[in-house]
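I have placed the structure first, in the form of structure tokens, so that the comments after it can refer back to it.
Readers should treat all values here as calculations from the given coordinates under stated rules, not as data from a laboratory. Everything numeric in this text was worked out from a predicted model, so none of it was measured. Here Cβ is always computed from backbone atoms with ideal geometry, including for glycine, and neighbour counts include all displayed protein chains.
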Amino acid sequence: MPIPIKKEELCTFADLLTWEERAELIDGEVFLMAPPSSVHQKILTELLRQLANFLDGKPCEVYPAPFAVRLFEGESDRPEDVATVVEPDISVVCDPGKIDHRGCKGAPDMVIEILSPSTRSHDRLTKFALYQQAGVQEYWIVDPDAASMQVFLLDETGRFRAGTRYGRESAVPVTVLDGCSIDFCKIFPKQV
């Protein structure tokens, strides 16, 4: 799990905007982010390539990290009022009104997190709960170690349904993008 930085007082998005380090804020607590591995970046690049190719000429857009997502920011909130800012590995946003020069204001339609040793429990527990609470419609958790992925969909009660697991041989449908599927074997090619 990313290590929180102990500060005398809680931080806000306004503080984060003045720092050079990559960090996330959860209820004002600061979590520094370690640089991603080359495997992480290869997975991110392939997912991004497939999503961007599908979305070319369509209204939804895909954004890779670093990309500030202010899940609970209200219309009249200023950066000083925002205490939760996350950086999903990939965000898909279909409402252009949520995008501003600082990132995304509100929940993306879809979020993808690629697990790493330092973020495994953070992505599966803390961020899972945040994305569910914020109303993210589709949450993918990619596990490089297992060459698998789990997909969670928000149900009518506002809770993520038990996730469908996909492996190396799967074409994974993207529920929020009608007609889109991800060729998972390009993300994790067969081992020789």
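Before anything else, pin down the relative contact order of the chain: Cα pairs under 8 Å, at least 6 apart, normalised by residue count, whole percent. Kindly include the intermediate steps, with their values, before the conclusion.
Values: 360 pairs, mean separation 33.4, N = 192.
Relative CO of the chain lands at 17 percent.
Restricting to Cα pairs below 8 Å that are 6+ residues apart, what does the relative contact order work out to for the stretch 4-71? Please round to a whole percent. Let's see the in-between values first.
Working: 45 pairs, mean separation 15.8, N = 68.
Averaging sequence separation for qualifying contacts and normalising by length gives 23 percent for the stretch 4-71.
Kindly express, to the nearest 10 degrees and within the range 0 to 90, the angle between helix 38-55's C-alpha long axis and the longest C-alpha principal axis of the chain.
Approximately 80 degrees, to the nearest 10.
Tell me the mean residue ellipticity at 222 nm calculated for the chain from its helices only (DSSP H runs of n ≥ 4, each -39500 (n - 2.57), averaged over every residue, nearest 500). Walk me through the numbers before you get to the answer.
Numbers: 4 runs with 34 residues, N = 192.
Taking each H run of at least 4 residues, the total per residue is -5000 deg cm²/dmol.
Can you pull out the cysteines in the chain that have no other Cys Cβ under 4.7 Å?
C11, C104, C180, C185
So what are the ³J(HN,Hα) numbers for the stretch 118-133, from phi and the Karplus equation (6.51, -1.76, 1.60; θ = phi - 60°), rounded to whole Hz, Gly and Pro as x?
For the stretch 118-133, the Karplus-derived couplings read 7, 10, 3, 6, 4, 6, 7, 10, 4, 6, 3, 5, 5, 5, 5, 4 Hz, x marking Gly and Pro.
Could you give me the ³J(HN,Hα) list for the stretch 68-82, computed from phi with Karplus coefficients 6.51, -1.76, 1.60 and θ = phi - 60°, whole Hz, x at Gly and Pro?
Running phi through 6.51 cos²θ - 1.76 cosθ + 1.60 with θ = phi - 60° gives 6, 10, 9, 4, 10, 5, x, 4, 9, 5, 9, x, 5, 9, 9 Hz.
Counting pairs on different chains as well as pairs 8 or more places apart, how many Lys pairs in the chain have Cα atoms under 21 Å apart?
On the way: K6/K127; K42/K186; K42/K190; K58/K98; K58/K105; K98/K127; K105/K127.
Lysine pairs meeting the criterion: 7.
Relative contact order for the stretch 94-171: what is it in percent, counting Cα pairs under 8 Å that are at least 6 residues apart? Could the numbers behind the result be given before it?
Values: 105 pairs, mean separation 18.6, N = 78.
This gives 24 percent for the stretch 94-171.
Label K42 and Q133 with points 7 Å out from Cα along Cα→Cβ: what is the distance between them in nm?
Going from the K42 label point to the Q133 one covers 3.7 nm.
In terms of the ratio Rg/(2.2 N^0.38 Å) built on C-alpha atoms, what value belongs to the stretch 12-114? Walk me through the intermediate numbers first.
Working: Rg = 13.9 Å, N = 103, 2.2 N^0.38 = 12.8 Å.
Rounded to two decimals, the normalised Rg is 1.09.
Using θ = phi - 60° and the Karplus curve 6.51 cos²θ - 1.76 cosθ + 1.60, what whole-Hz ³J(HN,Hα) does each residue of the stretch 26-36 get, with Gly and Pro shown as x?
10, 6, x, 8, 8, 10, 6, 10, 6, x, x
Would you mind giving the three semi-axes, in whole Å and largest first, of the ellipsoid equivalent to the stretch 44-89 according to its Cα gyration tensor? Spell out each step's value before the answer.
Details: eigenvalues 148, 35, 6 Å².
They are 27, 13, 6 Å, listed largest first.
With each pseudo-label sitting 7 Å past Cα toward Cβ, what's the L10-S121 distance in nm, one decimal?
2.3
Would you mind getting the Kirkwood hydrodynamic radius of the chain from its Cα pairs, rounded to one decimal in Å?
Details: mean 1/r = 0.0585 Å⁻¹.
Result for the chain, one decimal place: 17.1 Å.
What are the trypsin sites (Lys or Arg not before Pro) within the stretch 157-188 that DSSP puts in a loop, where the Cβ has at most 16 other Cβ atoms within 10 Å? Walk me through the intermediate numbers first.
On the way: sites: R159, R161, R165, R168, K186; in loops: R159, R161, R168.
Filter output for the stretch 157-188: R159, R161, R168.
Modelling each spin label as a point 7 Å along the Cα-to-Cβ direction, I'd like the K58/E169 distance in nm, to one decimal.
2.7
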